[in-house]
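Okay, so here's the structure we're looking at.
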Amino acid sequence: DGLYREVEDKTVIETIFTIKDPQTICDQLITLANKNGGADNITVIVAHFDKKSWYKRFFAKSPR
């Protein structure tokens, strides 16, 4: 909510691809949002999904 209003998509993408540590990405994006005005609450979640078929394992165990 508070992030997308204050930080351009291009900057978010550049930050994600430049910084590898998820916590550091979150911290950097929150810092940028606050520097740009950050009047609203700012929440950032970074999740990494590797190239393995995690979704196949998930759905194989899920009841249908």
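The values are calculated or read from the model by the stated rules, or taken from the named source; none is laboratory data. Worth saying up front: this structure is predicted, and the values here are computed from it rather than measured. Here the Cβ is made from the backbone with ideal geometry for all residues, glycine too, and neighbour counts use every protein chain on show.
Details
- One residue alone among Gly38, Gly2 is on the phi > 0 side of the Ramachandran plot, among the small types (Gly, Ala, Ser) and surrounded by 13 or more Cβ atoms within 10 Å (Cβ to Cβ), and that residue is Gly38.
- Filtered by the rule that a residue be at pLDDT below 90 and either in contact with a Phe, Trp or Tyr (Cβ under 6 Å, 6 or more places away or on another chain) or part of a helix (DSSP H, G or I) (or both), the stretch 1-37 gives Gly2, Leu3, Tyr4, Arg5.
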